Amino acid sequence: MEEMETQIRLTAGEIAQLWVQYLNDSASKCVLTYFLEKAEDDEIKPIIEYALELSDSHIKIISSILTEEKNVVPDGFRIGEDVDLTAPRLYSDGFILNYINQMSKVGLTLYGSAVAASVRNDIKTYYMNCLTETMELYKRSTELLLSKGLFIRSPSLPNLEKVEYVKKQWFMLDVFGEKRPLVAAEVDNLFANMQRNALGVAVLIGFSQVAQDKDVKQFFLKGLEIGNKHIKLFRGKLEESKLPAPMGWDSEITNSTTQTFSDKLMMFITSGLISMSVGYYGTAVSLSPRGDLTSMYNRLSLEVQLYSEDGANILIKNGWMEQPPMASDRDELIRK
């Protein structure tokens with residue numbers, strides 16, 4: 001039965017997930033290999049090694065699936081071409097651990113979507129295994145962050161003592177007047193989006209220090225400006241409700257200006273962070289009943305999408321954007 005099922009052609013959803021994951025894991029392999037080379041903390045090294053093992057395993061499995069299905073394997077990224085392992089340390093061990101923890105949370109979301117998008121049993125089983133592995137990575141990295149006092153918890157709220165019902169439209173629609181306190185989901189999204197932006201800002205500080213191309217460097221600097229603005233807005237919303245906001249990771253970047261990662265790799269990682277922001281802001285809109293928050297997220301999402309277009313133009317201009325799998329252009333085939 002299994003042998004028969006693997007003969008079924010991959011769906012568009014399955015090929016899209018495999019293609020994107022190959023690129024992501026080949027990029028992760030470069031970054032994690034560099035992190036492992038520079039790490040000094042003996043407790044953090046095993047976490048990096050485990051994350052690296054997962055990326056290595058995924059690359060081999062996806063390559064095998066694509067080859068068997070007579071699909072070309074993406075170029076992706078390679079150690080030696082896209083990362084210089086001899087370059088000085090760029091990020092602290094604490095930042096590396098937090099980066100892996102945040103990326104594991106992203107992986108949980110992506111692999112959950114991949115399971116839902118998979119039809120063929122072998123592909124579905126593969127992504128369920130990826131989900132289990134990533135849950136373990138998240139668990140290990142979270143426990144280590146907690147033991148080192150580096151885990152940043154979201155704010156706590158008062159205990160709910162009785163069930164209440166909303167009685168006024170003011171609960172949702174008051175954009176300009178006096179605002180009601182934030183509900184739990186709004187607090188969680190503001191806090192999480194602020195954390196993700198703080199991580200992105202720290203990543204871009206390092207990238208901007210070691211970027212070689214002038215346009216790429218300017219792109220990263222613009223991203224820093226956008227990220228810091230968003231952090232300020234999210235912090236303001238939390239402080240309006242007298243809630244604490246997390247601190248940034250700016251101090252965890254060294255002063256190195258030696259080329260560490262290729263501009264192509266750094267642009268790819270940044271483009272991925274941008275895409276995730278758009279998705280998370282969309283989720284925040286759906287979970288934030290207060291009108292001013294919905295308006296804010298929609299405005300910020302548009303700003304991020306325009307920034308993403310600038311990044312795509314740089315990728316295309318330099319020949320760094322691999323074309324994803326596409327449907328056949330029937331009109332072009334007919335003209336031929």
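Of note:
- Any hit, segment 133-147, residues being assigned to a loop (DSSP other than H, G, I, E, B), open to solvent by 20 Å² or more (accessible area, probe 1.4 Å) and touching a Lys or Arg at 6+ places or on another chain (Cβ under 8 Å): no
- Residue match in segment 75-94 (condition: more than 20 Å from LEU144 (Cα to Cα), open to solvent by less than 20 Å² (accessible area, probe 1.4 Å), among the hydroxyl-bearing types (Ser, Thr, Tyr) and within 23 Å of the chain's Cα centre (by Cα)): no
- Conditions (1) surrounded by 13 or more Cβ atoms within 10 Å (Cβ to Cβ); (2) among the small types (Gly, Ala, Ser); (3) under 24 Å from THR254 (Cα atoms); number of the one not met by SER57: (3)
- Residue list for segment 14-51, filter: open to solvent by less than 30 Å² (accessible area, probe 1.4 Å) and under 19 Å from GLU143 (Cα atoms): ALA39, ILE44, ILE47, ILE48, ALA51
The values are calculated or read from the model by the stated rules, or taken from the named source; none is laboratory data. Everything numeric here is computed off the predicted structure, so don't read it as measured data. All Cβ positions, glycine included, derive from the backbone under ideal geometry; neighbour counts span all protein chains shown. What goes into the accessible areas is simple: the full protein's heavy atoms, side chains included, and nothing from ligands, DNA or RNA. Shrake-Rupley method; radii C 1.70, N 1.55, O 1.52, S 1.80 Å.
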